[in-house]
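The values are calculated or read from the model by the stated rules, or taken from the named source; none is laboratory data. Bear in mind that the values here come from a model prediction, so they are computed numbers and not experimental data. So basically every Cβ, Gly included, is an ideal-geometry build from the backbone, and we count neighbours across all protein chains shown. The accessibility values were calculated without ligands, DNA or RNA, using every heavy atom of the protein model including side chains. Shrake-Rupley method; radii C 1.70, N 1.55, O 1.52, S 1.80 Å.
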Amino acid sequence: MAEHNELGKSGEKEAVKFLRAKGYTILETNYVYDRAEVDIIAKTGKTLVAVEVKTRSTPEFGDPQDFVKPAQIKRLVKAIDFYINDKDLDLDVRFDIVAIIKNKSGKHIEHLEDAFYYFE
(Lines give C-alpha, C1' and ligand atoms only; values in the text may rest on other atoms or scores of the structure.)
Protein backbone atom coordinates (compact mmCIF):
# COMPACT_ATOMS: atom_id res chain seq x y z
CA MET A 1 0.00 0.00 0.00
CA ALA A 2 1.30 3.46 -0.84
CA GLU A 3 2.62 5.51 2.06
CA HIS A 4 -0.07 8.20 1.70
CA ASN A 5 -2.79 5.50 1.78
CA GLU A 6 -1.31 4.08 5.00
CA LEU A 7 -1.21 7.57 6.48
CA GLY A 8 -4.86 8.06 5.55
CA LYS A 9 -5.96 4.74 7.05
CA SER A 10 -4.04 5.40 10.28
CA GLY A 11 -5.63 8.86 10.42
CA GLU A 12 -9.10 7.35 10.14
CA LYS A 13 -8.34 4.99 13.04
CA GLU A 14 -7.07 7.95 15.09
CA ALA A 15 -10.25 9.89 14.27
CA VAL A 16 -12.47 7.00 15.42
CA LYS A 17 -10.60 6.83 18.75
CA PHE A 18 -10.77 10.62 19.08
CA LEU A 19 -14.54 10.75 18.44
CA ARG A 20 -15.27 7.83 20.77
CA ALA A 21 -13.32 9.61 23.51
CA LYS A 22 -15.62 12.61 22.95
CA GLY A 23 -18.68 10.39 23.46
CA TYR A 24 -19.67 9.79 19.84
CA THR A 25 -21.14 6.43 18.82
CA ILE A 26 -19.51 5.16 15.65
CA LEU A 27 -22.15 3.66 13.33
CA GLU A 28 -20.11 3.05 10.18
CA THR A 29 -16.61 3.48 8.84
CA ASN A 30 -15.75 3.69 5.16
CA TYR A 31 -19.41 3.71 4.13
CA VAL A 32 -19.67 3.61 0.35
CA TYR A 33 -22.60 4.71 -1.76
CA ASP A 34 -22.39 5.36 -5.48
CA ARG A 35 -19.00 7.07 -5.95
CA ALA A 36 -18.77 8.48 -2.44
CA GLU A 37 -17.05 7.14 0.62
CA VAL A 38 -17.98 8.58 4.00
CA ASP A 39 -15.02 8.00 6.29
CA ILE A 40 -17.04 7.90 9.51
CA ILE A 41 -20.75 8.01 10.25
CA ALA A 42 -21.33 8.71 13.93
CA LYS A 43 -24.10 9.75 16.27
CA THR A 44 -24.02 12.23 19.09
CA GLY A 45 -27.28 12.95 20.89
CA LYS A 46 -29.94 13.31 18.21
CA THR A 47 -27.49 14.23 15.48
CA LEU A 48 -26.08 12.03 12.75
CA VAL A 49 -22.56 13.18 11.94
CA ALA A 50 -20.83 12.48 8.64
CA VAL A 51 -17.11 12.86 9.22
CA GLU A 52 -14.52 13.40 6.52
CA VAL A 53 -11.03 12.63 7.79
CA LYS A 54 -8.10 14.42 6.19
CA THR A 55 -4.62 13.38 7.26
CA ARG A 56 -1.41 14.99 6.10
CA SER A 57 2.21 14.65 7.14
CA THR A 58 2.79 18.38 6.84
CA PRO A 59 0.72 21.58 6.65
CA GLU A 60 3.24 22.93 4.12
CA PHE A 61 0.77 22.84 1.22
CA GLY A 62 -2.27 23.88 3.25
CA ASP A 63 -4.37 22.66 6.15
CA PRO A 64 -5.84 19.17 5.70
CA GLN A 65 -9.40 20.51 5.74
CA ASP A 66 -8.61 22.69 2.72
CA PHE A 67 -8.55 19.54 0.59
CA VAL A 68 -12.30 18.86 0.82
CA LYS A 69 -13.60 20.08 -2.53
CA PRO A 70 -17.16 20.96 -3.68
CA ALA A 71 -17.56 17.83 -5.86
CA GLN A 72 -16.61 15.65 -2.89
CA ILE A 73 -19.05 17.51 -0.64
CA LYS A 74 -21.83 16.91 -3.17
CA ARG A 75 -21.06 13.16 -3.22
CA LEU A 76 -20.93 13.01 0.60
CA VAL A 77 -24.33 14.70 0.88
CA LYS A 78 -25.82 12.25 -1.63
CA ALA A 79 -24.37 9.27 0.31
CA ILE A 80 -25.68 10.53 3.66
CA ASP A 81 -29.08 11.25 2.17
CA PHE A 82 -29.23 7.66 0.94
CA TYR A 83 -28.02 6.35 4.32
CA ILE A 84 -30.70 8.26 6.24
CA ASN A 85 -33.46 7.06 3.93
CA ASP A 86 -32.16 3.49 3.81
CA LYS A 87 -31.99 3.26 7.63
CA ASP A 88 -35.23 5.24 8.07
CA LEU A 89 -33.56 7.67 10.49
CA ASP A 90 -35.13 10.80 11.90
CA LEU A 91 -32.07 12.73 13.03
CA ASP A 92 -30.50 16.10 12.41
CA VAL A 93 -27.45 15.84 10.15
CA ARG A 94 -24.11 17.56 10.48
CA PHE A 95 -20.96 17.39 8.37
CA ASP A 96 -17.67 17.51 10.26
CA ILE A 97 -14.03 17.29 9.31
CA VAL A 98 -11.35 15.75 11.47
CA ALA A 99 -8.06 17.21 10.28
CA ILE A 100 -4.91 15.41 11.36
CA ILE A 101 -1.28 16.32 10.89
CA LYS A 102 0.83 13.33 11.81
CA ASN A 103 4.57 12.99 11.41
CA LYS A 104 7.77 12.12 13.29
CA SER A 105 7.38 15.11 15.60
CA GLY A 106 3.91 14.06 16.73
CA LYS A 107 0.29 14.56 15.78
CA HIS A 108 -2.23 17.35 15.90
CA ILE A 109 -5.96 16.63 15.65
CA GLU A 110 -8.50 19.33 14.93
CA HIS A 111 -12.26 18.62 14.94
CA LEU A 112 -14.23 21.07 12.82
CA GLU A 113 -17.94 20.71 13.59
CA ASP A 114 -20.42 21.93 10.95
CA ALA A 115 -17.45 22.17 8.61
CA PHE A 116 -19.56 22.61 5.51
CA TYR A 117 -23.11 22.92 4.27
CA TYR A 118 -24.57 21.93 0.99
CA PHE A 119 -27.38 23.65 -0.85
CA GLU A 120 -28.52 22.89 -4.37
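Taking a ≥ b ≥ c as the square roots of the eigenvalues of the alpha carbon gyration tensor, segment 1-52 is oblate, as a/c is not under 1.5 and a/b does not beat b/c. The peptide list 30-40, 89-99, put in order of mean Cβ contacts within 10 Å with the highest first, becomes 89-99, 30-40. Sorting the segments 43-54, 72-83, 15-26 by their mean number of nearby beta carbons within 10 angstrom, highest to lowest, gives 43-54, 72-83, 15-26. The relative contact order of segment 81-120, computed from alpha carbon pairs under 8 Å that lie at least 6 residues apart in sequence, is 35 percent. Protein-only accessible surface at a 1.4 angstrom probe places the residues Ser10, Ser105 in the order Ser105, Ser10, largest first.
Give me, ordered by chain and number, the residues 5 or more places off Val93 or on other chains with an amide H under 5 Å from its own placed amide H. The list, which skips near neighbours in sequence, is Leu48.
Between the amide H of Tyr33 and those of Val38, distances stay under 5 Å, these residues lying 5 or more places away or on another chain, with hydrogens modeled in the peptide plane. 3J(HN,Hα) along segment 8-14, derived from phi through the Karplus expression 6.51 cos²θ - 1.76 cosθ + 1.60 where θ = phi - 60°, amounts to x, 5, 5, x, 5, 5, 4 Hz, with x in place of Gly and Pro.
Within the same chain, lysines fewer than 8 places from Lys69 are excluded, and of the rest, those with a Cα less than 21 Å from its Cα are Lys9, Lys54, Lys78.
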